[in-house]
Amino acid sequence: MRLTSLLALTLTLAMALPLQADVESDVEAAATAAEAGDFETSLTLLNRIIDSGELPPERHAVMLQNRGVIFQILDDPQTALDDFNRAIALSPTYTDALYNRGITFMALGRPADAANDFSAVIREEPAAVDAYGNLAEAQLAMGLINEAIASYDHAIALAPTEVLLLVSRAHARRLAGDMTGAIIDYDTVLAYLGADPLVYFERGRTRAVDGDMSGALDDFNRALELDPLWVEPMIERGFLYLDQSLFDLALIDFDDVLAREPDVADAFFGRGWAHNGVDDPNAAMDDFMMAYALGYQNAWLDEHLRELGVIE
């Protein structure tokens, strides 16, 4: 997306606005180093270019923006933010800098500032799919679920086959309580992908919340057919079995989970209920105690253990 397009922009502007030969050489070398993944060399060259004092404002903004991207890659968001701020001060409608500053604001836990930057990008580039998608993520982080869905709607109208956007909108619709809309999005993704265990899993979870237990079970089974070692669908399927009083089947799933990952608190809690269901209270208590010891948060479990005098 934008991060990968910046180096080409650097070279384009280098040809449009000739510089002294040594600076021009550094510009091209910085781009070549970044393209090769040699970010330290690219950063050294960009420092020299920026400090040269030979750049007109537009080029200075580009170099600051590119250096900010390098700092993003090197996991230094605060320094990246400083460079993006300087680039935008020189060129207030520079959309690459605005976009990447928005990404940096998100990394720094500042979604409202990020949303402002993504909105600024959209004002300059109304077809900026990536800006709409990231605006939606910022809105979700602020709890603005309906606004996020509207932003995803805009993005998907521009890129209707972008499965990541469809999956993200499905998640937002689920948060808004629109299970039907979420399931439609998951159906669309599966129509494009053919089969995907994660999408089956998420659609199964959504169907379960929507009360379609049979459909949820089908989806968890499909997810496990595609990825037999993935424990999350086993856990969800185990709880579905509990809801249907199929305790023996639930035990099989929770046993499989704990054989693979012995510290999964959810599985101990679920297996405790299954042991209760098959009249094995001692095994149930052992599982409930393990779930509690692993930090499982459940009001019923806490009260049950207090009543038994196991915890205070």
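The values are calculated or read from the model by the stated rules, or taken from the named source; none is laboratory data. On a predicted model such as this, the values are computed, not experimentally measured, just so you know. Using ideal geometry, Cβ is built from the backbone for each residue, glycine included, and neighbour counts are taken over all protein chains shown.
Would you mind telling me which numbered condition in (1) part of a loop (DSSP other than H, G, I, E, B); (2) closer than 25 Å to ILE183 by Cβ; (3) in contact (Cβ under 8 Å) with a residue 24 or more places away in the chain ASN146 fails?
(1)
I'm checking my understanding of the structure. Among residues of region 150-159 that are in a helix (DSSP H, G or I) and among the aliphatic types (A, V, I, L, M), which one is surrounded by the most Cβ atoms within 10 Å (Cβ to Cβ)?
Our first condition is that a residue be in a helix (DSSP H, G or I); within region 150-159, this holds for 150-158.
Subsequent filtering for residues that are among the aliphatic types (A, V, I, L, M) retains 150, 155-158.
Values: ALA150: 16, ALA155: 25, ILE156: 20, ALA157: 11, LEU158: 16.
My answer is ALA155.
Scan region 153-174 and report the pairs whose first residue is under 11 Å from ASP130 (Cα atoms) and whose second residue is of a type in the set (Ser, Thr, Tyr) and part of a helix (DSSP H, G or I), with Cβ atoms within less than 8 Å and a gap of 6+ or a chain change.
Listed pairs, sorted by first residue: HIS154/TYR132; ALA155/TYR132; LEU158/TYR132; LEU165/TYR152.
Restricting region 95-107 to residues that are out of contact with any Phe, Trp or Tyr (no Cβ under 9 Å at 6 or more places or on another chain) and farther than 19 Å from LEU144 by Cα, which is surrounded by the most Cβ atoms within 10 Å (Cβ to Cβ)?
Checked region 95-107; the qualifying residue surrounded by the most Cβ atoms within 10 Å (Cβ to Cβ) is ASP96.
Each row is one residue, and each column tells you yes or no for (1) at pLDDT 95 or above; (2) within 17 Å of the chain's Cα centre (by Cα); (3) buried (at least 16 other Cβ atoms within 10 Å of the Cβ).
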residue	(1), (2), (3)
VAL163	yes, yes, yes
LEU166	yes, yes, yes
ALA170	yes, yes, yes
ALA176	yes, no, no
GLY181	yes, no, yes
ALA191	yes, no, no
GLU202	yes, yes, yes
ARG207	yes, no, yes
ARG222	yes, no, yes
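Of the residues ALA223, ALA208, ALA216, ALA195, which is in a loop (DSSP other than H, G, I, E, B), touching a residue at least 24 places away in the same chain (Cβ under 8 Å) and closer than 27 Å to ARG260 by Cβ? Write out each step before concluding.
Values: ALA223 fails: in a loop (DSSP other than H, G, I, E, B); ALA208 fails: in a loop (DSSP other than H, G, I, E, B); ALA216 fails: in a loop (DSSP other than H, G, I, E, B).
Sole residue among the options that is in a loop (DSSP other than H, G, I, E, B), touching a residue at least 24 places away in the same chain (Cβ under 8 Å) and closer than 27 Å to ARG260 by Cβ: ALA195.
Among the residues of region 117-149, what is the count of those that are surrounded by fewer than 17 Cβ atoms within 10 Å (Cβ to Cβ) and out of contact with any helix residue (DSSP H, G or I) (no Cβ under 8 Å at 6 or more places or on another chain)?
Of the residues in region 117-149, 4 are surrounded by fewer than 17 Cβ atoms within 10 Å (Cβ to Cβ) and out of contact with any helix residue (DSSP H, G or I) (no Cβ under 8 Å at 6 or more places or on another chain).
Given region 16-78, what helices (runs of 4 or more DSSP H) lie entirely inside it while holding 1 or more residues that are over 34 Å from the mean Cα position of the chain (by Cα) and among the basic types (Lys, Arg)?
Where helices (runs of 4 or more DSSP H) fall fully within region 16-78 and carry at least 1 residues being over 34 Å from the mean Cα position of the chain (by Cα) and among the basic types (Lys, Arg), they are 39-51.
Among the residues of region 268-280, is there at least one that is within 26 Å of the chain's Cα centre (by Cα) and surrounded by fewer than 22 Cβ atoms within 10 Å (Cβ to Cβ)? Even if it seems obvious, please write down each step before you answer.
Going through region 268-280, the residues within 26 Å of the chain's Cα centre (by Cα) turn out to be none.
No, region 268-280 contains no residue that is within 26 Å of the chain's Cα centre (by Cα) and surrounded by fewer than 22 Cβ atoms within 10 Å (Cβ to Cβ).
How about region 233-266: which of its residues are under 17 Å from ARG207 (Cβ atoms), acidic (Asp, Glu) and surrounded by fewer than 21 Cβ atoms within 10 Å (Cβ to Cβ)?
If the condition is that a residue be under 17 Å from ARG207 (Cβ atoms), acidic (Asp, Glu) and surrounded by fewer than 21 Cβ atoms within 10 Å (Cβ to Cβ), then ASP243 is the only one that fits.
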